[in-house]
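The values are calculated or read from the model by the stated rules, or taken from the named source; none is laboratory data. Please read all numbers here as calculations on a predicted model, not as lab measurements. Here the Cβ is made from the backbone with ideal geometry for all residues, glycine too, and neighbour counts use every protein chain on show. With ligands, DNA and RNA removed, areas are computed over all heavy atoms of the protein, side chains included. Shrake-Rupley method; radii C 1.70, N 1.55, O 1.52, S 1.80 Å.
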Amino acid sequence: LYEFTREINDEYEYEGKLKLIEDLWQIAYSDGQLDKYEDYVIRKVADLIYVTHSDFIKAKLNVKNSTSN
């Protein structure tokens, strides 16, 4: 993941990083369930691209709430 996240850190502004994390949550919830490995990878990516934990959680909850409606 480091090779890819380095590129993201070099090219993306913080808002773009947040959008990426939100998109990853969309993919993870697309089948209606969240696997623990999906959660782990998204958490790891968010950490490596310096997305704050609170923004990580907000993105997760926003997507979860929008897909459960």
- Item | GluC sites (Glu not before Pro) lying in DSSP loop within the chain, provided at most 11 other Cβ fall within 10 Å | Glu13
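Can you pull the percent of Cα pairs in the chain with separation above 20 Å? Numbers along the way, then the final one.
Details: 556 of 2346 pairs.
Pairs farther apart than 20 Å: 24 percent.
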- Find the accessible area per residue for the chain; the probe is 1.4 Å, ligands and nucleic acids are left out, and the unit is Å². 72 Å²
- Item | Lysine pair number, Cα distance threshold 15 Å (strictly under), the chain, separation 8 or more or different chains | 10
- For the chain, calculated [θ]222 nm from helices alone, where every DSSP H run of n ≥ 4 adds -39500 (n - 2.57): -24500 deg cm²/dmol
- For the pair Asp31 and Lys58, the simple spin-label estimate (label points 7 Å beyond Cα toward Cβ) gives in nm 3.0 nm
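Would you work out what percent of the accessible area of the chain, with all protein chains in place, is carbon or sulfur (probe 1.4 Å)?
Values: 2580 of 4940 Å².
The computed percentage sits at 52.
Relative contact order, percent, of the chain when contacts are C-alpha pairs under 8 Å separated by at least 6 residues?
The normalised contact order for the chain reaches 44 percent.
Go through region 1-58 and name the chymotrypsin sites (Phe, Trp or Tyr not before Pro) that are in a DSSP coil and have 15 or fewer other Cβ atoms within 10 Å of their Cβ. Before the final figure, lay out the partial values.
Numbers: sites: Tyr2, Phe4, Tyr12, Tyr14, Trp25, Tyr29, Tyr37, Tyr40, Tyr50, Phe56; in loops: Tyr12, Tyr29, Tyr50.
Of the chymotrypsin sites (Phe, Trp or Tyr not before Pro), the ones in loops of region 1-58 whose Cβ has at most 15 other Cβ atoms within 10 Å are Tyr12, Tyr50.
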- Treating only Lys and Arg (+1) and Asp and Glu (-1) as charged, each at its beta carbon, one finds that the chain has a dipole about its Cα centre, in Debye to the nearest 20, of 320 debye
